[in-house]
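**Student:** Here it is, the structure, as structure tokens.
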Amino acid sequence: MNALARRFPEIYRCLLTECGRSRLTVGVVTSLALGGAFWSAASWDRDPGKMLFYYAFWVQVATFIVYGSTRASAAIADEREAKTWDLQRLTPLTSGDIAAGKLLGSPLYAAFLAALFVPWALAGALRSPEIGAELVFVYLQFAATAFFALSLSLLASAYSDLSRGGSATTAGALIGLGSLYTLAPSLSKGPLDAGFSYFGVSVPYLLWLPLATAGFGAWAFAAAKWRVGRDLLEPARFWRFPAFLLYLIAFVLGFPKSSAYFALLMPAAATLMAALAEPTKPEAWRRWLAAPDRRELAARTPSWVAGAAVCLAAALVITGIPSAQGLEAYRRLPLLLALFLIRDAAFIQCCRFTKSRRPEILAAVYLGLAYLVPSILLSAAGGRRLLYAFVPLIGRDVAAWENVLPGLLWAAASVTALALVSRRVGPRA
Amino acid sequence: MIFTRGLRREYASTTAVSDLDLAIEAGSVAALVGPNGAGKTTLLKMIAALLEPTSGLAMVAGHEVHESPREVHAAVGYLPDFFGLYEELTARQCLRYFHLAYRLPEPADRRIEEVLDLVALRDAADRPIESLSRGMRQRLGLARTLLHDPRLLLLDEPASGLDPGARRELQELLRRLAVSGKTIVVSSHILTELEDYCSHVVMLDRGRLVFSGTVAEARRRAGGGRRLRLRVAGGPREAALAALTADSAVSEASAAADGWAFRFSGDDESAERLLRSLVSAGVRVCSFADDSGSISDGYLKLMPKEDA
């Protein structure tokens, strides 16, 4: 047994369960047959090397990134469903050990299949002068995309509960497919040689893209690790989610011509997703409010509350930045986003205090209606200019205070409703 | 070994464990009993540091569960009521995996053989887990629980779903573990099977502690005091009656065909003195034993009527 398997026992288990002799044999035979077929098919092309490379490369993508993501997304969900998760939680493995073990162990067979096609891809690349120069970059981006997709799938798995193991696997497949978008630029020749200005520094695009992808992969892995840590009763750290939001703001601001007024779009969306995904159940809510000291209060702060606080604070700061590029009307956008975020997230929390078995679905439906119904009705009645009163839109013909006031009232109403509902939530004596 | 004060766990609209004060000494074997929904599993999970208490204190093996959950995990061997095992692995591979996960010193084989022997599973060690019977899986679960040699065993309904033969094997195993000095908390509905090896009883009802004490105390409560039963194999019955009535600790003696049953207010030493006086009076004693009722009697007596 090698040192890696000793360090991460999950790898030992996955080697036994995923990589049996018959599976390995099937993989080898398939790769030989498929590789041979690719070779034969590519030989008809004008650039057979390039074709062979792309055939083999996309098989690697399909196996390691798409299939690997489905395996990673099942890694924790399956354990919960099979009731082995509690047994893992009792071992001295830390959240880092478990998360890294699952990230490395769950896609082992997918990695084996992808590795079988490396010789075919190399054979193609060596025959094609066009591919040769880009090989390093293409595989660098492949590795970054794989890390991102697998980490995100692991995160989806960490957030799955007993009844949703299947949906975690579906999420993994979607994540795997969706992440292919980050691969696309690496395969298009145009912008690769060009550098672009990021935070005023000229960065080669072929270096920036894998680094940015891996950066988001690292956040997804960290989030999965933190979620596992919560199951292990490891100490909570309230600053983690706000730190991610600040990273998002900084990430957006780094682009040339990016406006600070749009910097809250991604953090607000992330906070809303946290409000939907993070089940702050009544018991956890009560415990947070009844925290005995500040440290405990901070540690138990629900992610969406911390996220909304960060968004509001950032909005107040950004709104103070003088407008440029003729975007005066957009100056109020961050504040609108923050206020409507508070409205929606507080409403989602209210839904968690109902008896619904799927409060997040209930909340998502109501929120969908909250955005759609005013849009449809006001459009039909010819009152589209009043839409800013119901959704975070800039009313160009209205004063700033008039634009912000509805959001403020919505947020105040939602928070008041949450305060009232949370007072009524209590266990039977 | 276990100490709780004001331990409480709430769920959305129910309180599973309510302000529980409990103490279980090291080396004792405690039966955790109560009707369905009494909070037994929630309590065990909190003690195992798998579930965070809503409030209150729980100390396990000198560690507070909220402050040091990982230290608690190291000290505890917890067998849940429903648990899974890695079906594709063999029993030996499964134990090898947990040996790695528990970061136990190498070589692993010796320790794995030890626990396989302890649970009498060596013959099936190389069979895939999916082919094992329910009893074997339960024993494998117990082997996994014992692998890191924990001081405290928390067993949640270990005999649930087992046939009589498998239950008997499990009972034997728990008896051996009790003799080896481990502190054991075992929850079960089959109270008669707990009697042989349990020293203490903890009774819960709707999250509240109904009774906590020794088995003898539970029996006494059930019977309104300690009762003894004397069986004789012949000889002068008058001599036996005289010896009984001469002892101030004896009362309410009632004759039976083969002896007497009576209430006894003395301790074990006075019981031993009474037995000696009976023998020296020429009574041919063939049994002299507690007749205070069973844990089941205690359970029925102590539990609120609507749930008993």
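**Student:** What's the total number of residues in the stretch B:169-209 that are among the hydroxyl-bearing types (Ser, Thr, Tyr) and free of Cβ contacts under 8 Å to residues at least 24 places away in the same chain?
**Tutor:** 1
**Student:** So B:Cys94 ticks every box in (1) part of a loop (DSSP other than H, G, I, E, B); (2) within 12 Å of chain A (Cβ to nearest Cβ) but one. Which box is left unticked?
**Tutor:** So the condition that B:Cys94 fails would be (1).
**Student:** Something else about it: If you check A:Leu316, A:Leu335, which single one turns out to be assigned to a helix (DSSP H, G or I), closer than 19 Å to A:Tyr388 by Cβ and either within 14 Å of another protein chain (Cβ to nearest Cβ) or over 21 Å from the mean Cα position of the chain (by Cα) (or both)?
**Tutor:** Just one listed residue meets the conditions, A:Leu335.
**Student:** Hey, another quick one. Of the residues that sit in the stretch B:53-72 and are part of a loop (DSSP other than H, G, I, E, B) and in contact (Cβ under 8 Å) with a residue 24 or more places away in the chain, which one is farthest from B:Arg151 (Cα to Cα)?
**Tutor:** Looking at residues that are part of a loop (DSSP other than H, G, I, E, B) and in contact (Cβ under 8 Å) with a residue 24 or more places away in the chain, I get B:Thr54.
**Student:** Given the conditions (1) touching a residue at least 40 places away in the same chain (Cβ under 8 Å); (2) of a type outside the set (Phe, Trp, Tyr); (3) within 9 Å of another protein chain (Cβ to nearest Cβ); (4) part of a loop (DSSP other than H, G, I, E, B), report the number of the one that B:Gly37 does not fulfil.
**Tutor:** B:Gly37 satisfies all of (1) touching a residue at least 40 places away in the same chain (Cβ under 8 Å); (2) of a type outside the set (Phe, Trp, Tyr); (3) within 9 Å of another protein chain (Cβ to nearest Cβ); (4) part of a loop (DSSP other than H, G, I, E, B) except (3).
**Student:** So, in the stretch B:128-152, how many residues would count as being farther than 20 Å from B:Leu100 by Cα and in a loop (DSSP other than H, G, I, E, B)?
**Tutor:** Number of matching residues: 2.
**Student:** Report, by residue number, each residue of the stretch A:8-27 that is among the charged types (D, E, K, R), buried (at least 16 other Cβ atoms within 10 Å of the Cβ) and either within 8 Å of chain B (Cβ to nearest Cβ) or out of contact with any Phe, Trp or Tyr (no Cβ under 8 Å at 6 or more places or on another chain) (or both).
**Tutor:** Taking the stretch A:8-27 and keeping what is among the charged types (D, E, K, R), we get A:10, A:13, A:18, A:21, A:23.
From what is left, the residues that are buried (at least 16 other Cβ atoms within 10 Å of the Cβ) are A:10, A:13, A:18.
A:Glu10, A:Arg13 - these are the residues of the stretch A:8-27 that are among the charged types (D, E, K, R), buried (at least 16 other Cβ atoms within 10 Å of the Cβ) and either within 8 Å of chain B (Cβ to nearest Cβ) or out of contact with any Phe, Trp or Tyr (no Cβ under 8 Å at 6 or more places or on another chain) (or both).
**Student:** Separate question: Taking only pairs six or more apart or across chains, which ones have beta-carbon atoms under 7 Å, a first residue in the stretch A:265-292 that is more than 14 Å from chain B (Cβ to nearest Cβ), and a second residue that is acidic (Asp, Glu)?
**Tutor:** Sorted first by the residue in the stretch A:265-292, then by its partner, the pairs are A:Leu272/A:Asp344; A:Leu276/A:Glu360.
**Student:** What are the residues in the stretch B:52-86 that are surrounded by fewer than 19 Cβ atoms within 10 Å (Cβ to Cβ), farther than 19 Å from B:Arg137 by Cβ, within 10 Å of chain A (Cβ to nearest Cβ) and not small (Gly, Ala, Ser), if any?
**Tutor:** Once the filter is applied, which keeps residues that are surrounded by fewer than 19 Cβ atoms within 10 Å (Cβ to Cβ), farther than 19 Å from B:Arg137 by Cβ, within 10 Å of chain A (Cβ to nearest Cβ) and not small (Gly, Ala, Ser), the stretch B:52-86 yields B:Glu52, B:His66, B:Glu67, B:Arg70, B:Glu71.
**Student:** Something else: Residue pairs, Cβ under 7 Å, 6 or more apart or interchain, first in the stretch B:1-29 and at positive phi and within 14 Å of chain A (Cβ to nearest Cβ), second basic (Lys, Arg) and surrounded by 15 or more Cβ atoms within 10 Å (Cβ to Cβ). List them.
**Tutor:** B:Asp19/B:Arg8
**Student:** Does the stretch A:253-265 contain at least one residue that is within 30 Å of A:Leu135 (Cα to Cα) and modelled with pLDDT of 85 or more?
**Tutor:** Step one: of the stretch A:253-265, the residues within 30 Å of A:Leu135 (Cα to Cα) are A:254-256.
From what's left, modelled with pLDDT of 85 or more: A:254-255.
There is at least one residue in the stretch A:253-265 that is within 30 Å of A:Leu135 (Cα to Cα) and modelled with pLDDT of 85 or more.
**Student:** Determine, yes or no, whether A:Trp410 is surrounded by fewer than 18 Cβ atoms within 10 Å (Cβ to Cβ) and either more than 14 Å from chain B (Cβ to nearest Cβ) or in contact (Cβ under 8 Å) with a residue 24 or more places away in the chain (or both).
**Tutor:** The answer is no for A:Trp410.
**Student:** A follow-up question, please. Being under 21 Å from the mean Cα position of the chain (by Cα), charged (D, E, K, R) and surrounded by fewer than 22 Cβ atoms within 10 Å (Cβ to Cβ), is that true of even one residue in the stretch B:115-134?
**Tutor:** The answer is no; no qualifying residue exists.
**Student:** May I ask you to say which residue of A:Arg6, A:Arg71 is touching a residue at least 40 places away in the same chain (Cβ under 8 Å) and not hydroxyl-bearing (Ser, Thr, Tyr)?
**Tutor:** A:Arg71
**Student:** Applying the selection to the stretch B:25-46, what residues are more than 22 Å from B:Glu193 (Cβ to Cβ) and over 16 Å from the mean Cα position of the chain (by Cα)?
**Tutor:** Let us first name the residues in the stretch B:25-46 that are more than 22 Å from B:Glu193 (Cβ to Cβ), namely B:25-26, B:42, B:45-46.
Across the stretch B:25-46, the qualifying residues are B:Thr42, B:Lys45, B:Met46.
**Student:** What do you reckon, is B:Leu104 part of a strand (DSSP E or B) and either over 21 Å from B:Leu174 (Cα atoms) or more than 12 Å from chain A (Cβ to nearest Cβ) (or both)?
**Tutor:** Values: part of a strand (DSSP E or B): no; either over 21 Å from B:Leu174 (Cα atoms) or more than 12 Å from chain A (Cβ to nearest Cβ) (or both): yes.
In short, no.
**Student:** Further, regarding this structure: Cβ contacts < 8 Å: first residue assigned to a loop (DSSP other than H, G, I, E, B), restricted to the stretch A:238-260; second residue β-branched (Val, Ile, Thr), any location; separation 6+ or different chain. Result?
**Tutor:** Within 8 Å, the pairs are A:Phe238/A:Thr301; A:Ser258/A:Val252.
The values are calculated or read from the model by the stated rules, or taken from the named source; none is laboratory data. From a predicted model like this one, the values you see are computed outputs, not experimental measurements. Don't worry about glycine lacking a Cβ; one is built from the backbone with ideal geometry, like all the others, and counts go over all protein chains shown.
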